[in-house]
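First the structure, in the form of structure tokens, and then the observations on it.
The values are calculated or read from the model by the stated rules, or taken from the named source; none is laboratory data. For clarity, every value in this text was computed on a predicted model and none was experimentally measured. Don't worry about glycine lacking a Cβ; one is built from the backbone with ideal geometry, like all the others, and counts go over all protein chains shown. What goes into the accessible areas is simple: the full protein's heavy atoms, side chains included, and nothing from ligands, DNA or RNA. Shrake-Rupley method; radii C 1.70, N 1.55, O 1.52, S 1.80 Å.
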Amino acid sequence: MPEITKTLIFVGVAAVVGLLAFFLRAPSLEPPQLNIDDKLFGEVEDATVAASLEVVRHNADTGEVERLKVARDGADWVIASHDDYPADASDAEENIHEAALTLIDLTIDGRQSESTTDHGEYGVISPESEKVREANDEEIGVLVALEDEDGRALAKLIVGKTVQDNDQQRYVRKD
């Protein structure tokens, strides 16, 4: 077989393998890009599916993580983080749905950084993170999590420092 034929066969096989690799490549692992004015939790449309709300914060005095979770238990509402202590059902359901609406309606006003090394600067280190040990108190945010009846996360957000020159806004990070 002449050398030119062998070379053309190798080039043809390489082109086919290259095309296969291009079309069969794994999907990107990057999260979808959100734009200014997009809803932060656009995938959640119905606030009434919220069945629990949890707030987690780091106590600077004790160094401990404190949790408050209110959840629906059948037809009743309980404080799940405190041995299912009964909650005032009329207020609980209204407040959970109001919090869910607030989270669902949050829009992106800007983007400060996508680097995890900047989390401390904006106060959005998760109180559940291992980074809490090295962080000072101002770098640790408050985690707010909303779940449906099956325990699936509807919204999970870390609320950080107040935005400079605008005390009506805070830095936040989806968790």
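Some notes on this structure:
- Here S81 meets each of (1) open to solvent by 30 Å² or more (accessible area, probe 1.4 Å); (2) of a type in the set (G, A, S); (3) under 24 Å from F41 (Cβ atoms); (4) not in a helix (DSSP H, G or I) with one exception, condition (4).
- All conditions but one from (1) farther than 26 Å from A135 by Cα; (2) in a strand (DSSP E or B); (3) not β-branched (V, I, T) apply to E43; the one that does not is (2).
- So A71, is it at pLDDT 85 or above and either touching a Phe, Trp or Tyr at 6+ places or on another chain (Cβ under 8 Å) or closer than 24 Å to R170 by Cβ (or both): yes
- Candidate set: region 63-74, residues that are in contact (Cβ under 8 Å) with a residue 12 or more places away in the chain and open to solvent by 80 Å² or more (accessible area, probe 1.4 Å); chosen: the one nearest to G120 (Cα to Cα): R67
- E94 meets each of the listed conditions (1) within 24 Å of T62 (Cβ to Cβ); (2) modelled with pLDDT under 85; (3) more than 15 Å from the chain's Cα centre (by Cα) apart from (1).
- Residue check for V44: surrounded by 11 or more Cβ atoms within 10 Å (Cβ to Cβ), modelled with pLDDT under 85 and under 17 Å from the mean Cα position of the chain (by Cα): yes
- Count of region 103-146 residues which are under 15 Å from the mean Cα position of the chain (by Cα), of a type in the set (V, I, T) and under 26 Å from A60 (Cβ atoms): 5
- Test: residue in region 30-40 that is within 15 Å of L154 (Cβ to Cβ) and either out of contact with any strand residue (DSSP E or B) (no Cβ under 6 Å at 6 or more places or on another chain) or in a strand (DSSP E or B) (or both): yes
- Number of positions in region 35-55 that are over 19 Å from E93 (Cβ atoms) and touching a helix residue (DSSP H, G or I) at 6+ places or on another chain (Cβ under 9 Å): 4
- You will find that of A50, A60, the residue that is exposed (fewer than 13 other Cβ atoms within 10 Å of the Cβ), closer than 29 Å to R111 by Cβ and touching an Asp or Glu at 6+ places or on another chain (Cβ under 8 Å) is A60 and no other.
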